[in-house]
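The values are calculated or read from the model by the stated rules, or taken from the named source; none is laboratory data. From a predicted model like this one, the values you see are computed outputs, not experimental measurements. Neighbour counts are summed over all protein chains in view; Cβ atoms, including those assigned to glycine, are modelled from backbone coordinates with ideal geometry.
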Amino acid sequence: MPLSALQQNPSTLVCHNEQLGQLYSHHHGWLRGWLRKRVGCHEIAADLAQDTFVRLLSNPKYLKDLSSAKRYLCTVANGLCIDMWRKKSVEQAWLETLASRSDDLELSPEDQSIILETLCEIDGMLGRLPINVANAFIWSQIDGLTYQKIAVKLGVSERTVKKYMAKAMLQCVLIEARFNDAEIL
């Protein structure tokens, strides 16, 4: 279906192979430029633009018209930018931690990669949790606070803190399950 037909009947814009190809040819350069302004690097912008279209290819969307397609591309690309910046932040914190450790701690590049990937997964998990749940998890696991002390800090009951921890631990189990599934493959 030619692009002009899509413009004439905007309710039929469905991102499948042919339409995605047209969307790509009409908006890839624009999206790459938009991303370049956001990230300050041509190569990273090109990668993120490509990842945006890969995301659309793997998860086709019904788009009302070409302007909604542009908004959708911006939304997906912006999410990918945020993911990249969060990962870089976690990476930087990990490198700083490694630099501050003694030299007798030697990790293989593979172990470092696994640790970094796990830290990014946990960071993402914490970002998706409600703030009180994430705080309870951090205060318990990192700061070693008791549920009673967490309850006081949050102004909730100890039973509520236990529910929060159960939610956070479930997410940890899901991360571990995905990791174990990946190991099997």
Is there a residue being free of Cβ contacts under 8 Å to residues at least 24 places away in the same chain, surrounded by 15 or more Cβ atoms within 10 Å (Cβ to Cβ) and of a type in the set (S, T, N, Q) anywhere in segment 84-105?
no
For ALA77, state whether it is within 12 Å of the chain's Cα centre (by Cα), small (Gly, Ala, Ser), over 27 Å from CYS172 (Cβ atoms) and surrounded by 12 or more Cβ atoms within 10 Å (Cβ to Cβ).
yes
Condition first: in contact (Cβ under 8 Å) with a residue 40 or more places away in the chain, among the aromatic types (Phe, Trp, Tyr) and not assigned by TED's automatic domain parsing to the domain that holds LEU126. Can you find one or more residues in segment 61-70 that meet it?
yes
Does ARG71 meet the test of being in contact with a helix residue (DSSP H, G or I) (Cβ under 6 Å, 6 or more places away or on another chain) and among the basic types (Lys, Arg)?
no
Which of the numbered conditions does ARG159 fail, given that it passes all the others? Conditions: (1) modelled with pLDDT of 85 or more; (2) closer than 28 Å to GLU96 by Cα.
(2)
Please verify whether segment 113-123 includes one or more residues that are in contact with an Asp or Glu (Cβ under 9 Å, 6 or more places away or on another chain) and either over 29 Å from MET169 (Cβ atoms) or charged (D, E, K, R) (or both).
no
Could you check segment 31-49 and list, in sequence order, the residues that are over 16 Å from the mean Cα position of the chain (by Cα) and without any contact (Cβ under 8 Å) to a residue 40 or more places away in the chain?
ARG32, GLY33, ARG36, LYS37, GLY40, CYS41, HIS42, GLU43, ALA45, ALA46
